[in-house]
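This report concerns only the one structure given below.
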Amino acid sequence: MKILMAGPRGFCAGVDRAVDTVERALAVVGAPLYVKHEIIHNKPVCDSLKERGVIFTDDLNDVPNGSLVVFSAHGSAPSDYALAESRSLQVLDATCPLVTKIHLEVRKYLKKGFGIIYIGHHGHVETIGTLGQAPGQLHLVTNQDEVAALVDPGTPDLIYLTQTTLSIDETRGLVDALKVRFPRLQDPPTSDICYATQNRQDAIKEVCRTADVCFVVGSQTSSNSKSLRSVAESMGVRAYLIDGPDEITDEMLEGVSVVALTGGASAPEAVIQSVVARISAYKDCGVEPVIVRDEHMDFRVPQSLIALEQRHRN
Ligand code: SF4
């Protein structure tokens with residue numbers, strides 16, 4: 001048996017930065033440390049932080065007045081910042097800079113009088129944060145039915161923006177359908193689907209060319225991990241989204257010669273390696289990296305974290 005390891009895989013720069021922010025804040029202020037929403041959508045990572053005293057909450061009213069709170073990588077609405085201020089909370093903002101870029105685009109295009117169609121998942125925290133930049137003003141679509149049902153926003157200029165972690169192929173299909181309905185629809189200046197999503201989807205396509213089964217390490221709440229599973233399935237490969245090795249059964253591996261393995265942008269490499277160990281325990285196998293692109297992206301931790309560390313040093 002052979003395992004093809006997709007590259008790039010696992011942690012992206014935004015996730016790295018967000019987890020680093022929580023770990024470093026915890027080292028400075030100790031437990032309990034409040035985090036608005038799960039810092040990243042990965043169960044093993046969040047469980048381990050919970051054990052060390054991190055409290056995740058979606059309601060800032062749960063955070064005691066005056067406490068430190070970390071905002072998650074997925075981005076937050078201005079109303080959340082206003083609520084934090086009214087409660088005298090000290091915010092460490094771990095919003096991924098690539099999500100912030102979309103928030104800025106929302107404000108820029110609305111100011112210019114554009115209508116904005118936002119392609120994203122209903123109820124996903126990134127979608128909530130982006131729609132919250134201009135409540136009631138963006139037109140959310142998720143699937144072809146919603147594109148067909150969308151009423152023309154009526155503005156002379158119209159642009160679409162997207163969630164960062166969508167399936168690239170599915171999004172292309174939605175954009176094509178939107179352009180048929182609204183020929184004046186403009187593309188954003190650069191794709192809102194982020195580099196990490198693009199790279200991981202390109203890599204999974206490559207390893208799935210010859211695979212019998214695909215394992216995507218990632219949580220059910222992780223949009224980019226779910227997109228990876230759907231890319232694998234679109235290539236005709238049986239694909240599983242798993243939090244870790246315990247979810248792999250012998251039946252899943254029966255009769256398999258080639259396994260494709262990847263991890264979503266919030267999956268730690270240690271967990272991916274434990275999946276390799278689980279598969280190798282079932283049957284001896286060679287492990288072959290398949291790297292479609294080098295990735296060197298790095299985001300600095302928030303300035304507010306550096307200031308916090310300095311204050312505690314002095
Ligand atoms: S998946 Fe993309 S947008 Fe999301 S945190 Fe990672 S780099 Fe940022």
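The values are calculated or read from the model by the stated rules, or taken from the named source; none is laboratory data. Just so it is clear, the model here is predicted, and its values are computed rather than measured. Ideal geometry is used to build each Cβ from the backbone, glycine not excepted, and the neighbour counts take in all protein chains shown.
Count of segment 258-295 residues, restricted to those that are within 18 Å of the chain's Cα centre (by Cα), over 23 Å from LEU92 (Cβ atoms) and part of a loop (DSSP other than H, G, I, E, B), is 3. Only a single item in (1) within 14 Å of LEU166 (Cα to Cα); (2) touching a strand residue (DSSP E or B) at 6+ places or on another chain (Cβ under 7 Å) is not met by GLU105, and it is number (1).
Taken over segment 213-250, the criterion of being more than 16 Å from the chain's Cα centre (by Cα), without any contact (Cβ under 8 Å) to a residue 40 or more places away in the chain and surrounded by fewer than 18 Cβ atoms within 10 Å (Cβ to Cβ) is satisfied by GLU233, MET235, GLY236, ARG238, TYR240, ASP246, GLU247, THR249, ASP250. Restricting segment 66-87 to residues that are away from the ligand (no atom under 16 Å from the Cβ) and among the polar types (S, T, N, Q) leaves a set whose member that is farthest from GLN220 (Cα to Cα) is SER86. When segment 200-212 is filtered for residues that are crowded, with 22+ Cβ neighbours inside 10 Å and within 16 Å of the ligand (Cβ to nearest atom), the ones remaining, listed by number, are ARG200, GLN201, ALA203, ILE204. What are the residues in segment 8-65 that are within 16 Å of the ligand (Cβ to nearest atom), touching a Cys at 6+ places or on another chain (Cβ under 9 Å) and of a type outside the set (A, V, I, L, M), if any? Residues satisfying the conditions are CYS12, GLY14, ARG17, GLU38. Between ALA196, ALA134, the distinction of being assigned to a loop (DSSP other than H, G, I, E, B) and hydrophobic (A, V, I, L, M, F, W, C) belongs to ALA134 only. Within segment 94-108, at least one residue is under 19 Å from THR21 (Cα atoms), at pLDDT 95 or above and either of a type in the set (Phe, Trp, Tyr) or surrounded by fewer than 20 Cβ atoms within 10 Å (Cβ to Cβ) (or both). Exactly one residue among HIS124, HIS139 is of a type outside the set (A, V, I, L, M) and either at pLDDT below 95 or within 13 Å of the ligand (Cβ to nearest atom) (or both), and that residue is HIS124.
Quick check: is even one residue across segment 46-61 in contact with a Ser or Thr (Cβ under 7 Å, 6 or more places away or on another chain) and of a type outside the set (Gly, Ala, Ser)? No, segment 46-61 contains no residue that is in contact with a Ser or Thr (Cβ under 7 Å, 6 or more places away or on another chain) and of a type outside the set (Gly, Ala, Ser). Of everything in segment 89-123 that is part of a helix (DSSP H, G or I) and among the basic types (Lys, Arg), the residue that is farthest from ILE40 (Cα to Cα) is LYS111.
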